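The structure under discussion appears below in the form of structure tokens.
The values are calculated or read from the model by the stated rules, or taken from the named source; none is laboratory data. All figures in this text were calculated on a predicted structure; none of them were measured in a lab. All Cβ positions, glycine included, derive from the backbone under ideal geometry; neighbour counts span all protein chains shown. When the accessible area is computed, the model is the full protein with side chains, heavy atoms only, and any ligands, DNA or RNA have been set aside. Shrake-Rupley method; radii C 1.70, N 1.55, O 1.52, S 1.80 Å.
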Amino acid sequence: MLVLGIESSCDETGVALYRSDGDGQLLAHALHSQVAMHQDYGGVVPELASRDHIRRLAPLLGRALAEAGCTLAEVDAVAYTQGPGLAGALLVGSAFAEALAAALGVPALPLHHLEGHLLSPLLSRTPPRFPFVALLVSGGHTQLMHVGGVGDYRLLGETLDDAAGEAFDKTAKLLGLGYPGGPALSALAARGRPDVYKLPRPMLNSGDLDFSFSGLKTAVLTRVRELGGADAISDEQRADLAHAFQAAIVEVLVKKSVDALRQTGMQQLVVAGGVGANRELRRQLDARSVGGRGGRGRFTVFYPEFEYCTDNGAMIALAGALRLEAGVQPKAAGSFSVRPRWPLAELLR
Ligand code: KG4
Ligand code: ZN
């Protein structure tokens, strides 16, 4: 079965083709990032995002088909992100996918964006096996989930306020870095010195698996003000603050992930979502895992390849194919609605 995946929930347009026969294979994935377009505005401008998705989808589809060596007539189902995300952006992808499915006479599969992230590590060369614990860290979400299989998700803990990626982005902004903040802040942090500034580790010892990151951002703001404001701080101070922020957030993410593994008795941790691209997070998780320093860890960590960490069409094509394999009934193409606010809890058991 050949599944076409369409992603357009935020600032990346993604189109991919996944063949589910046998072991499954990603045949092609084409992506356009709008980062350069939004950069001048310091963040994603929803209206510009929607307009750009409209411009990009058809050419990306052409590229993906050419790369896969397939024709549209071979497509068996069209999976797309129905939510959560920006309403206008979601509408573009949904309308495109539904119209295409209707024209081809194949079913449409509206999917939850986070399910795509949760399953994305299965695209990697060494995929995990079910069940596993997933740390989902994106711009809008920070959750620890127990993943028993496709469609079998249990929430273990989540952020009570800002998501990890959001905290990276907001802190980057107040340090005067551009958008998107995560990669810029982590690059700066690599140049900073450890232990120059001490920042809180919110909820580190709360005993549960929840997170809170908004106080951390405020703590950085307070330090910046004490140092005379964002315009007054030196490059060195900026790098040291970035280092302190990243150290705090990574320590909390690592501790809670290890706690989640211990509490569930799981031995596989999957890290998904944009913040999963963070090198320091990866370094510290690796150090605690089976292959880590001293080899004392009891768990194995799985990451999607860098290109599947951030938003992409491949994870949507994959999630669609796995859903179909698991027996989920796709709907007849035609009518559709988007779900800009779609709690993942609605997918839970
Ligand atoms: O999963 P994603 O592409 O989109 C959402 O569904 O939100 O995640 C985007 C988030 C942004 O907040 C971005 O700053 C963050 O992931 N991010 C990073 C890194 N790369 C992307 N955060 C920290 N370090 C990185 N290297
Ligand atoms: Zn995402």
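Observations on the structure shown:
- Test: residue in the range 316-335 that is open to solvent by less than 30 Å² (accessible area, probe 1.4 Å), closer than 28 Å to Val254 by Cα and in contact with an Asp or Glu (Cβ under 9 Å, 6 or more places away or on another chain): yes
- All positions within the range 117-147 that are assigned to a helix (DSSP H, G or I), of a type outside the set (S, T, N, Q) and in contact with a strand residue (DSSP E or B) (Cβ under 7 Å, 6 or more places away or on another chain): His117, Leu118, Pro121, Leu123
- Residues that are within 16 Å of ligand 2 (Cβ to nearest atom) and open to solvent by 10 Å² or more (accessible area, probe 1.4 Å), drawn from the range 7-28: Cys10, Asp11, Glu12
- Selection status of Gln329, in contact with a helix residue (DSSP H, G or I) (Cβ under 9 Å, 6 or more places away or on another chain) and away from ligand 2 (no atom under 16 Å from the Cβ): no
- Qualifying residues in the range 175-186 (those that are in contact (Cβ under 8 Å) with a residue 40 or more places away in the chain and open to solvent by less than 10 Å² (accessible area, probe 1.4 Å)) - the one nearest to ligand 2 (Cβ to nearest atom): Leu185
- Tally of residues being of a type in the set (Asp, Glu) and within 16 Å of Glu346 (Cα to Cα) across the range 132-177: 2
- Scan of the range 37-55 for residues that are open to solvent by 80 Å² or more (accessible area, probe 1.4 Å) and within 21 Å of the chain's Cα centre (by Cα), ordered by number: Gln39
- Which listed residue is within 16 Å of ligand 2 (Cβ to nearest atom), open to solvent by less than 10 Å² (accessible area, probe 1.4 Å) and in contact (Cβ under 8 Å) with a residue 12 or more places away in the chain, from Ala189, Ala172, Ala163: Ala163
- Listed by first and then second residue, the pairs with beta-carbon distance under 7 Å, at least 6 apart or on different chains, first residue in the range 134-157 and open to solvent by 10 Å² or more (accessible area, probe 1.4 Å), second within 13 Å of ligand 2 (Cβ to nearest atom) and part of a strand (DSSP E or B), are Gln143/Leu136; Leu155/Gln143.
- Annotation note: of Asp259, Asp240, Asp235, the sole residue that is within 24 Å of Arg298 (Cβ to Cβ) and among the acidic types (Asp, Glu) is Asp259.
- Every pair of residues 6+ apart whose Cβ atoms lie under 9 Å, when the first sits in the range 278-289 and is assigned to a loop (DSSP other than H, G, I, E, B) while the second is within 12 Å of ligand 1 (Cβ to nearest atom) and open to solvent by 50 Å² or more (accessible area, probe 1.4 Å): Asn278/Pro183
- Among the candidates Ala108, Ala101, Ala95, the residue that is open to solvent by 10 Å² or more (accessible area, probe 1.4 Å), touching a residue at least 24 places away in the same chain (Cβ under 8 Å), away from ligand 1 (no atom under 16 Å from the Cβ) and of a type in the set (A, V, I, L, M, F, W, C) is uniquely Ala95.
- Number of residues in the range 246-258 that are of a type in the set (A, V, I, L, M, F, W, C), touching a residue at least 60 places away in the same chain (Cβ under 8 Å) and more than 14 Å from Val275 (Cα to Cα): the value is 0.
- Scanning the range 192-242 for residues being open to solvent by 50 Å² or more (accessible area, probe 1.4 Å) and either in a helix (DSSP H, G or I) or not assigned by TED's automatic domain parsing to the domain that holds Val137 (or both) gives a total of 9.
- Residue in the range 278-300 that is farthest from Leu155 (Cα to Cα), counting only those that are within 16 Å of ligand 1 (Cβ to nearest atom) and open to solvent by less than 30 Å² (accessible area, probe 1.4 Å): Asn278
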